[in-house]
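Written out below as structure tokens is the structure these notes cover.
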Amino acid sequence: MPNLSMVEIEFKTILKKREMLTANMNSEISDSWARCISNGLDPFKRPKRSVISFQELEEIRQKKESIRKIIIPELELLYSQVAGTNFMVAFSDNEGLVLDTIYDKTCLDGDVGKAVIPGSIWSEKVCGTNGLGLAVALQKPTIVSGKEHFFTNHEKISCFASPIINHEGKTVGIIDASTDARSREQHTLALVNLATRSIETKLFIEQFKSELILNFHPRQEYLSTTSVGLLAINGDGIIVGSNSNAKIMLHGLMDIKNQDFNNIFTESFSSIASNILNNKIIKVTDYLGSSVFVVKNQNYNGENKKQIIQNIKTYACENCKDAKMKREKCILIKSTFAQTQSISKTARRLGISRTTVYKHLN
């Protein structure tokens, strides 16, 4: 591998030949160029075309079928949002192997359509600095436009790429949008990021479809957006999964995988479970003092609802907890409601009014 001084000399030589200035290049791009030089790539030659066979492609697609069922509709939506002359969107695996593409007729005959095809490999070591390959290397959203590409053959292309991160923090694929450099649009990467966040949310819901999934966010109006935090809770009130947004919002509250809900939030899980299961939006506070709004995810199928109800500890409301007779009556009402999940059924079973039941549940 060339030493640092040799890389710097070659870097400056390439910039001079291409009439470029380092001041116009951000550190992520320049670092990528340095890696390309260290790997022996020559920007003035045609990049080595690396495409797997159709049979190999189909085998990999079949292995990725479950994730592709979620991703392809998102690709179609993304394409409809950003489509224009000579534009395409693509899904690659976590190593930069393109599995699926959607593009217009102009793109099919242009530089983009001929280069980014299913089965093509766009890792940095093969194709130099490019949006898809850089997203693989950095595991973060990237833009590589025009002359920022290491190979001169790719100078007419702009690439916008964003990794898909699963609940374990691992990259499971890349979403890429590519176009003619002259058609670069600043909002394209934002749309690509929205697509990947939507995919991550759907992957999380599919992964934990048998658990209670909670949406939470500091602002109530954001509970139905892709910026929402997601927690998967089992029947014992243990957090068994969290998405990237949840990890960010609860940073500093220990590892939130396989942690008791009660160790993170000041409100016990048993005290809010009934309201959560009945689709109420509630406000809870974590042990660092931050408050968030929480609601049951609309995709919850109720598989572990019975176990959750069985494990709800009975407790008295604030108005009844200090008087023994009131406390015992309150606990009876709340435990009966936990079983029936109905104010009317609870009232009939205990021979009291619905208003009385409701008063003790709030």
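The values are calculated or read from the model by the stated rules, or taken from the named source; none is laboratory data. What you are looking at is a predicted structure, and each value in this text was computed from that prediction instead of being measured. Counting neighbours? That spans all protein chains shown, and the Cβs are built from the backbone with ideal geometry, glycine included. With ligands, DNA and RNA removed, areas are computed over all heavy atoms of the protein, side chains included. Shrake-Rupley method; radii C 1.70, N 1.55, O 1.52, S 1.80 Å.
Taking R197 and the conditions (1) surrounded by 23 or more Cβ atoms within 10 Å (Cβ to Cβ); (2) under 15 Å from the mean Cα position of the chain (by Cα), which numbered condition does it fall short on, given that it satisfies the others?
Unmet condition: (1).
Could you list, in sequence order, the residues of the range 208-255 that are in a loop (DSSP other than H, G, I, E, B), of a type in the set (A, V, I, L, M, F, W, C) and either touching a Leu at 6+ places or on another chain (Cβ under 9 Å) or crowded, with 16+ Cβ neighbours inside 10 Å (or both)? Walk me through how you get there before you give the answer.
Within the range 208-255, the subset in a loop (DSSP other than H, G, I, E, B) is 208-211, 218-219, 223-228, 234-237, 243, 250-255.
With of a type in the set (A, V, I, L, M, F, W, C) added as a condition, the list becomes 208, 223, 228, 250, 253-254.
Once the filter is applied, which keeps residues that are in a loop (DSSP other than H, G, I, E, B), of a type in the set (A, V, I, L, M, F, W, C) and either touching a Leu at 6+ places or on another chain (Cβ under 9 Å) or crowded, with 16+ Cβ neighbours inside 10 Å (or both), the range 208-255 yields F208, L223, V228, L250, L253.
If only one of I71, I67, I29 is open to solvent by less than 40 Å² (accessible area, probe 1.4 Å), part of a helix (DSSP H, G or I), in contact (Cβ under 8 Å) with a residue 40 or more places away in the chain and under 17 Å from T129 (Cα atoms), which one is it? Spell out how you get there, then give the answer.
Details: I71 fails: under 17 Å from T129 (Cα atoms); I67 fails: under 17 Å from T129 (Cα atoms).
Sole residue among the options that is open to solvent by less than 40 Å² (accessible area, probe 1.4 Å), part of a helix (DSSP H, G or I), in contact (Cβ under 8 Å) with a residue 40 or more places away in the chain and under 17 Å from T129 (Cα atoms): I29.
With farther than 25 Å from A246 by Cβ, modelled with pLDDT of 90 or more, open to solvent by 40 Å² or more (accessible area, probe 1.4 Å) and polar (S, T, N, Q) as the only criterion, which of T129, T106, T152, T101 stands out? It would help to see each step written out before you state the result.
Values: T129 fails: open to solvent by 40 Å² or more (accessible area, probe 1.4 Å); T106 fails: modelled with pLDDT of 90 or more; T101 fails: open to solvent by 40 Å² or more (accessible area, probe 1.4 Å).
Going through T129, T106, T152, T101 in turn, just one is farther than 25 Å from A246 by Cβ, modelled with pLDDT of 90 or more, open to solvent by 40 Å² or more (accessible area, probe 1.4 Å) and polar (S, T, N, Q): T152.
If you check every pair at least six apart or on different chains, which have Cβ atoms under 8 Å apart with a residue in the range 173-187 that is more than 12 Å from I143 (Cα to Cα) and basic (K, R) first and a residue that is in a loop (DSSP other than H, G, I, E, B) and modelled with pLDDT under 90 second?
Pairs found: R182/K156.
Which of the residues that make up the range 261-276 are over 25 Å from the mean Cα position of the chain (by Cα) and under 16 Å from N301 (Cα atoms)?
Of everything in the range 261-276, those that are over 25 Å from the mean Cα position of the chain (by Cα) and under 16 Å from N301 (Cα atoms) turn out to be A273, S274.
Of the residues that sit in the range 74-96 and are open to solvent by 40 Å² or more (accessible area, probe 1.4 Å), under 12 Å from V192 (Cβ atoms) and not hydroxyl-bearing (S, T, Y), which one is modelled with the highest pLDDT? Outline the logic, then answer.
Applying the first criterion (open to solvent by 40 Å² or more (accessible area, probe 1.4 Å)) to the range 74-96 yields 76-77, 79-81, 83, 85, 94-95.
When the remaining residues are screened for being under 12 Å from V192 (Cβ atoms), the result is 77, 79, 81.
From the residues that got through so far, the ones that are not hydroxyl-bearing (S, T, Y) too are 77, 81.
On the way: L77: 93, Q81: 85.
Here the answer is L77.
If you scan the range 252-299, which residues turn out to be in contact with a Lys or Arg (Cβ under 8 Å, 6 or more places away or on another chain) and closer than 22 Å to Y222 by Cα?
If the condition is that a residue be in contact with a Lys or Arg (Cβ under 8 Å, 6 or more places away or on another chain) and closer than 22 Å to Y222 by Cα, then I256, I276, L277, N279, S291, V292, F293, V294, V295, N299 are the ones that fit.
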